[in-house]
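To keep things clear, I will list the structure first and then write my remarks on it.
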Amino acid sequence: MDKLKGKVAIVTGATSGMGRETAKLFAKEGAKVVITGRNEKRAKEVVDDIEKNGGEAIYLIVDMTDLNEVGKIIDKTVDAYGTVDILFNNAGMLSLNPLLEVSLEEWNKVFNVNVTAALILAQKVAPIMKEKGKGVIINTSSIAGYAGHHGFAAYISSKHAMEGLNKSMAYELGPEIRVNAIAPGSIKTAMLDSAGGEEALDYIIQGCTLKRCGAPEDIASVALFLASDDSAYVSGQSIRVDGGYEA
Ligand SMILES: NC(=O)c1ccc[n+]([C@@H]2O[C@H](COP(=O)([O-])OP(=O)(O)OC[C@H]3O[C@@H](n4cnc5c(N)ncnc54)[C@H](OP(=O)(O)O)[C@@H]3O)[C@@H](O)[C@H]2O)c1
């Protein structure tokens with residue numbers, strides 16, 4: 001308990017899945033949490049749940065495909081809580097179209113949500129963290145950021161781009177700001193369900209040494225490690241949380 005006491009944390013894409021579990025865990029550990037997403041009903045439910053359990057949180061409705069709106073997340077967080085200590089770039093969208101079929105519109109949308117929004121937020125939050133002399137950014141990659149697969153070119157490309165952005169952030173934002181990425185494998189969320197669920201991804205699960213899908217909580221606990229001083233000497237890493245998948 002209290003690993004994030006007094007900290008202000010932003011978790012993007014916290015209306016469901018791993019973002020939601022992470023927001024709840026950060027709040028339980030004492031952080032004031034700003035959650036973002038597009039679905040107001042689910043956003044409100046997450047905030048209500050956090051408050052019911054004695055935590056503090058607000059939500060901001062922002063569509064990350066609209067890059068003009070993304071930076072406002074930092075402004076509004078500072079308005080509400082005075083500062084930002086932790087930024088978890090978690091919001092993401094899947095694209096299931098193969099290379100020859102993906103439209104430029106979809107490609108751009110995927111890159112805006114999965115990569116460019118994280119860049120904009122980092123550019124905006126870095127001066128605040130640097131002035132404080134301390135801050136943490138956590139990015140969300142994927143095992144799709146390490147290898148090619150057939151069938152979802154925009155998503156795979158965006159996660160490879162995130163791997164590069166994560167390294168660039170770590171090099172250029174240190175020494176004050178620690179930057180790391182989480183690279184999930186198959187985690188039981190709405191996104192996994194939209195990709196056909198556990199059955200469709202059985203080949204990944206069978207390829208894991210742990211032979212099961214992950215849960216959002218498996219990501220939240222690693223995010224807490226990276227957000228807290230428990231990882232004080234960890235930066236520039238991409239940590240696979242994939243049940244031991246080899247690809
Ligand atoms: N699940 C997996 O197996 C897996 C594996 C590797 C990587 N990941 C990555 O993990 C992250 C979290 O995914 P998840 O599995 O937890 O999926 P999820 O349950 O579908 O959650 C995705 C979150 O992103 C938000 N989001 C999506 N598009 C958005 C947009 N245009 N504007 C603002 N917010 C948006 C959603 O909010 P709203 O619906 O409210 O807009 C939601 O809160 C993503 O970056 C994903 O690529 C997931």
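Odds and ends about this structure:
- Matching residues in the stretch 122-164 - criterion: being aliphatic (A, V, I, L, M), closer than 23 Å to Lys72 by Cα and within 12 Å of the ligand (Cβ to nearest atom): Ile138, Met162
- Counted residues, the stretch 209-228 - those being over 18 Å from Val11 (Cα atoms) and within 12 Å of the ligand (Cβ to nearest atom): 2
- Checking Ala57 against (1) more than 11 Å from the ligand (Cβ to nearest atom); (2) touching a residue at least 40 places away in the same chain (Cβ under 8 Å); (3) closer than 20 Å to Leu121 by Cβ; (4) surrounded by 22 or more Cβ atoms within 10 Å (Cβ to Cβ), the condition it does not meet: (2)
- The criterion of at least 2 residues that are farther than 18 Å from Ile128 by Cβ and not hydroxyl-bearing (Ser, Thr, Tyr) is met by the following strands (runs of 3 or more DSSP E) wholly inside the stretch 1-61: 32-37, 56-61.
- Of the candidates Val102, Val84, Val110, the single residue that is over 24 Å from Lys32 (Cα atoms), buried (at least 23 other Cβ atoms within 10 Å of the Cβ) and not polar (S, T, N, Q) is Val110.
- Among residues of the stretch 183-203, those that are near the ligand (Cβ under 6 Å from one of its atoms) and either without any contact (Cβ under 8 Å) to a residue 60 or more places away in the chain or farther than 16 Å from Ile156 by Cβ (or both), counted: 5
- Against the numbered list (1) without any contact (Cβ under 8 Å) to a residue 60 or more places away in the chain; (2) within 16 Å of the ligand (Cβ to nearest atom); (3) among the charged types (D, E, K, R), Arg240 comes up short only at (1).
FYI, it's all coordinate maths here, none of it is from the lab. Nothing here was measured: the structure is a model prediction, and the numbers come from that model. Glycine also receives a Cβ, built like all others from the backbone with ideal geometry; neighbour counts cover every protein chain displayed.
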